[in-house]
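Heads up: the structure comes next, in structure tokens.
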Amino acid sequence: MPEAAASLLSLGRTQWCGPLRSVVRQWGRPTVNGKKYFKLTPEDLLEHPIWVLSMDVATFSGAEEDCDDDTGLIVPLPRDPDLAEQLLENCICYARARFVAANGRSFIGMMKCQAGEGIQWTHPTIVSDGGQVNFYFGIAIPSAVRIAAEYERLGISPEDLFPLTYKPDGSLPDGPLGGQLEGFYSLKLRGESGEPGYVR
């Protein structure tokens, strides 16, 4: 495996060395099957830092007969540099992210990369061995029971978790840059600014 690709695959322990595009050109083709984004594990993200929808791969590669048409299925970013560039520029992708809690504790997770900044676009999610922890609930308001379960899943208190910062674990073409979380967000809680409000 080329040195740059090996460095990229070890991102759980180090930072990306250089722009994503230059590394993509040296990648070998991933050998894992597609899966639902909500089934991604820390090991998946450590091995493959960028995931894309299999339908988008089919659309831009013109190889629909070789790709699953499940709208929720995602696969690692393909090795072909031109295809990878098209996917990164035109489609939604799920990129590995680093989260740092108020007490300094670090978590691995992912963020959604599409045309926009802010939590309603990036959907920051911690991916733990015990499951995924989402911080954006759309029009739903997370219950106290649900929130308590998420703290327990992470093994941390609200005071030690928030504010929680997150950013992509490496260089991404055209962002997003990441952000800071103050709690679990819902559109139902938005204030005068129109931005989603949060609960803890």
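If the convex hull of the alpha-carbon atoms of the range 94-199 is projected onto planes in all directions, what is the mean projected area in square nanometres? Don't skip to the answer; put the middle values down first.
Numbers: hull surface 26.4 nm².
Seen from a random direction, the Cα hull of the range 94-199 projects 6.6 nm² on average.
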**OP:** Enumerate the lysines that Lys112 could reach by cross-link, defined here as Cα to Cα under 17 Å, with residues fewer than 8 away along the same chain left out.
**Re:** Lys35, Lys36, Lys39, Lys167
Subject >> Protection proxy ranking, peptides 179-186, 119-126, 154-161, average beta carbon neighbours within 10 Å, highest first >> reply: 119-126, 179-186, 154-161
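Could you give the length gained by full extension between Cys91 and Lys36, i.e. 0.36 nm per residue of separation minus their alpha carbon distance, to one decimal place?
Working: separation 55, 0.36 × 55 = 19.80 nm, distance 1.65 nm.
18.1 nm is the gain from fully extending Cys91 to Lys36.
FYI, it's all coordinate maths here, none of it is from the lab. As the structure is a prediction and not an experimental result, all values here were calculated from the model. Backbone-built Cβ (ideal geometry, glycine too); neighbour counts: all protein chains shown.
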